[in-house]
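S.K.: Pasting a structure here, questions to come.
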Amino acid sequence: MDVLIMAGQLILGLSILVILHEFGHFLAARAFGIKVEKFYLFFDAWNFSLFKFNYKGVEYGIGWLPLGGYVKIAGMIDESMDTDQMAGPPQPWEFRSKPAWQRLIVMLGGIIVNIIVGIFIFWVLTIRYGETYTPNANIKYGIVPGKIGTKMGLKAGDKINSVNGKPIVRFEDLISSKVLLDKTVLNVQRGTQTLDIKVPPTILNDLSDYGIEEFISRAPRSKFSVDSVYGAAKKAGLTKGDSIVGIDNIKVNFFDEFQSQLLAHKNKLVQLSVKRRDSLLTVSAQVDKNGKLGFSRPLKEILPKDTTIKYSFFASLPIGATKAWSMFTDNAKGIGKIFTGQVKARKAISSPIGIAVMFGSHVDWIRFWSLVGFLSMVLALTNLLPIPGLDGGHTVFLIIEMIKGKPLSDKFLERAQIVGFVLLISLMVFAFGNDIVKQVMKK
C-alpha cells in the first residue's frame with residue numbers, strides 16, 4: 001500500500017508538470033500560427049496510446065511509455081522523427097517557416113511555464129502558511145552532529161554562530177544550500193573557544209550515502225525526561241516525569257549522550273540512575289537490539305520554540321519567487337559539481353523511483369505541493385541543458401542559426417536528435433539502475 005501511495009503521488013505530480021510544460025510549447029506555437037498536430041502525456045511509442053481524441057485538428061492523448069510527454073509541432077525535427085513531412089516544401093503554418101526568434105520562444109515556452117508554476121506554488125504556500133523557522137538563538141545547548149558532521153570536526157554542543165562571516169538567524173539554514181553547496185566556513189563556539197570549520201566540497205557524496213541527519217540533526221541538543229512508556233521501559237518501572245541521569249554509573253546530561261550509551265549497550269541489561277521528583281533511584285532495564293528502551297519524550301523537549309512569519313498577499317510573492325529561484329540555482333550548482341568531479345553522478349542523479357520515495361508513504365499536501373514546486377524548477381533546469389532532444393538543445397541550434405544567418409541542415413538536426421535520444425535513454429537507464437541499487441542496499 002505504501003508503494004502505491006508513493007507511486008500515485010509521483011504520477012499525479014509529474015503529470016501536472018508535464019502537461020503544463022507541454023502547454024507552454026502549445027500556447028507559444030499557436031500564438032505564432034504554427035500548427036500543433038499532437039499533445040500527449042507520456043509517449044505513444046510505435047503509435048500506441050492508452051487514450052486519445054481529436055479536437056480542432058489536434059490529437060490529444062495519453063501514451064503508454066511514462067517518460068514525460070510531448071507536443072508534435074508541424075515542420076519541426078523532434079522526437080517523432082517525422083522525416084516524410086520535412087521532405088516536402090515548407091508551409092506557412094509550419095515551425096520551419098517562422099522567424100528564428102519566434103521558434104526560440106516556442107522552444108523556451110515549456111521552461112518559462114515551469115518557472116512560473118514553481119514561483120506560483122511557493123507564492124501560494126507562503127500566503128497560506130507563511131514561514132516557520134527555529135531561531136538560532138533558541139538553540140540553548142548547541143547542535144548534535146552525525147557521522148558526516150563529526151568527520152568534519154563538529155562536536156555535540158557546538159554552537160554555530162555564522163556561515164562565511166554572516167550570522168545564522170535560522171537554525172534550518174545550517175542544513176540548507178547556503179552551507180552545503182558553497183565554499184563554506186562555519187564559525188563555531190565550543191565552550192570558551194571559537195574556531196572555524198570548513199565544509200568539504202564533496203559533502204554531497206556523504207549526504208547521498210547517509211542522509212542529512214548525519215550532518216547536523218534537525219533536533220538540537222537538549223536535556224530530556226520520560227513522557228509515555230512501553231516495552232522494556234515500562235517493565236523497568238519508569239514513569240512519566242522521570243529523568244534519567246546515568247547508565248551504569250556513566251553520567252548523562254543530554255539526550256544524544258543517552259542515545260550513545262544505549263547504542264553501546266545493545267542487548268544488555270543496564271542500571272539506570274533515575275531522578276524522580278526529589279529522589280534518586282536505580283532501576284534495571286533491558287536495552288533491545290536496536291539500542292532502544294521504549295519511551296517517548298515530551299514534544300517541547302525535542303523541538304525548540306518556532307517563530308512563524310505571516311505575509312500579505314503581495315508580500316508573499318517575492319518570498320515565494322526567491323524560494324523557487326534558489327531551487328533553480330541550487331540545482332545548477334549541483335550539476336556544476338558533477339561536471340567538476342566534486343560530486344559523483346551516481347550520488348546525485350535520481351530516477352522517478354528516488355523521487356517517489358521523497359513524496360513519502362502517506363499524503364501530506366504541504367509536502368506534496370512543495371515537492372511539485374521543487375520538481376517544476378528542476379524540470380525547467382534540466383530542459384535547459386544543451387542536449388539534443390531537450391529544449392536546451394533546440395535553443396542552442398536556434399542561437400547558432402541566428403548568429404550564422406542560416407539554419408543548420410535537416411540531416412545534421414536529425415542526427416543530433418538521434419544522439420540526444422540515445423544520451424537521454426542511457427541517462428534514464430543509469431538513473432533507474434542507480435536508484436534500484438540504492439533501495440536494495442538499504443534493505
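The values are calculated or read from the model by the stated rules, or taken from the named source; none is laboratory data. Everything quoted here is computed from the prediction, not taken from an experiment. Reconstructed Cβ throughout: ideal geometry from the backbone, glycine too, with neighbour counts over all protein chains shown. Please note that ligands, DNA and RNA were not included when accessible areas were found on the heavy atoms of the full protein model with its side chains. Shrake-Rupley method; radii C 1.70, N 1.55, O 1.52, S 1.80 Å.
S.K.: Assuming Gly33 fulfils every condition listed in (1) part of a helix (DSSP H, G or I); (2) of a type outside the set (Lys, Arg); (3) loosely packed, with under 15 Cβ neighbours inside 10 Å apart from one, which condition is it?
M.R.: (1)
S.K.: Turning to a different aspect of this structure: Filtering segment 300-333 down to residues that are within 30 Å of Arg221 (Cα to Cα), of a type outside the set (A, V, I, L, M) and under 19 Å from the mean Cα position of the chain (by Cα), which residue is surrounded by the fewest Cβ atoms within 10 Å (Cβ to Cβ)?
M.R.: For segment 300-333, the residue satisfying everything is Ser326.
S.K.: Next up: Could you grab me the full set of residues in segment 351-409 that are part of a loop (DSSP other than H, G, I, E, B), among the hydroxyl-bearing types (Ser, Thr, Tyr) and under 20 Å from Gly68 (Cα atoms)?
M.R.: Ser351
S.K.: Return a yes/no flag: does segment 286-294 have any residue that is in contact (Cβ under 8 Å) with a residue 60 or more places away in the chain, open to solvent by 30 Å² or more (accessible area, probe 1.4 Å), under 12 Å from Val226 (Cβ atoms) and touching a Lys or Arg at 6+ places or on another chain (Cβ under 8 Å).
M.R.: No - not one qualifying residue is present in segment 286-294.
S.K.: Which numbered condition in (1) open to solvent by 50 Å² or more (accessible area, probe 1.4 Å); (2) assigned to a strand (DSSP E or B); (3) modelled with pLDDT under 90 is the only one that Arg96 fails?
M.R.: Just one mismatch for Arg96, condition (2).
S.K.: Out of Lys266, Lys235, Lys240, Lys275, report the one residue that is among the charged types (D, E, K, R) and within 38 Å of the chain's Cα centre (by Cα).
M.R.: Lys266
S.K.: Any residue in segment 206-227 that's closer than 20 Å to Phe295 by Cα: show its pairings with residues that are in a loop (DSSP other than H, G, I, E, B) and acidic (Asp, Glu) at Cβ separation under 7 Å, as long as the two are six or more apart or on different chains.
M.R.: If the second residue must be in a loop (DSSP other than H, G, I, E, B) and acidic (Asp, Glu), the pairs left are Ser225/Asp242; Val226/Asp242.
S.K.: Also, quick follow-up: Examine segment 178-188 for a residue that is acidic (Asp, Glu) and either crowded, with 20+ Cβ neighbours inside 10 Å or in contact with a Pro (Cβ under 7 Å, 6 or more places away or on another chain) (or both), and state whether such a residue exists.
M.R.: Within segment 178-188, not a single residue is acidic (Asp, Glu) and either crowded, with 20+ Cβ neighbours inside 10 Å or in contact with a Pro (Cβ under 7 Å, 6 or more places away or on another chain) (or both).
S.K.: Another question, if that's okay. Which ones in segment 162-198 are in a strand (DSSP E or B), closer than 23 Å to Tyr133 by Cα and touching a Leu at 6+ places or on another chain (Cβ under 7 Å)?
M.R.: Listed by number, the residues that qualify are Val163, Val188.
S.K.: Something else now. So is Asn249 of a type outside the set (Val, Ile, Thr), surrounded by 17 or more Cβ atoms within 10 Å (Cβ to Cβ) and touching a residue at least 24 places away in the same chain (Cβ under 8 Å) or not?
M.R.: Criteria not met by Asn249.
S.K.: Got a number for residues in segment 121-133 being of a type outside the set (Phe, Trp, Tyr) and assigned to a helix (DSSP H, G or I)?
M.R.: Summing the residues that are of a type outside the set (Phe, Trp, Tyr) and assigned to a helix (DSSP H, G or I) in segment 121-133 gives 6.
S.K.: Of these, Gly420, Gly433, Gly373, which one is among the small types (Gly, Ala, Ser), surrounded by 18 or more Cβ atoms within 10 Å (Cβ to Cβ) and either farther than 30 Å from Pro89 by Cα or touching a residue at least 60 places away in the same chain (Cβ under 8 Å) (or both)?
M.R.: Gly373
S.K.: Would you mention how many residues in segment 42-58 are open to solvent by less than 20 Å² (accessible area, probe 1.4 Å) and more than 22 Å from Gly75 (Cβ to Cβ)?
M.R.: Counting residues in segment 42-58 that are open to solvent by less than 20 Å² (accessible area, probe 1.4 Å) and more than 22 Å from Gly75 (Cβ to Cβ) gives 0.
S.K.: Sticking with this structure for a sec: Among the candidates Gly146, Gly110, single out the residue that is under 22 Å from the mean Cα position of the chain (by Cα) and within 30 Å of Asp209 (Cβ to Cβ).
M.R.: From the options Gly146, Gly110, the qualifying one is Gly146.
S.K.: I'm told Gly61 meets every condition in (1) open to solvent by less than 50 Å² (accessible area, probe 1.4 Å); (2) at pLDDT below 85; (3) assigned to a strand (DSSP E or B) except one. Can you identify the failing condition by its number?
M.R.: Condition (2) is where Gly61 drops out.
S.K.: Across segment 259-271, what is the total count of residues that are open to solvent by 60 Å² or more (accessible area, probe 1.4 Å), in a strand (DSSP E or B) and hydrophobic (A, V, I, L, M, F, W, C)?
M.R.: 1
S.K.: Of Val226, Val274, which residue is in contact with an Asp or Glu (Cβ under 7 Å, 6 or more places away or on another chain), in a strand (DSSP E or B) and among the aliphatic types (A, V, I, L, M)?
M.R.: None of the others qualify; the one that does is Val274.
S.K.: Please determine, by comparing only the residues of segment 134-161 that are outside any loop (DSSP other than H, G, I, E, B), of a type in the set (A, V, I, L, M, F, W, C) and open to solvent by 30 Å² or more (accessible area, probe 1.4 Å), which one is nearest to Ser217 (Cα to Cα).
M.R.: Met152
S.K.: Let me ask something else. Within segment 388-395, can one find any residue that is polar (S, T, N, Q) and open to solvent by 40 Å² or more (accessible area, probe 1.4 Å)?
M.R.: No.
S.K.: Pick out the one residue from Ser176, Ser217, Ser162, Ser225 that is at pLDDT below 90 and under 20 Å from Gly142 (Cβ atoms).
M.R.: Ser176 is the lone residue from the list that is at pLDDT below 90 and under 20 Å from Gly142 (Cβ atoms).
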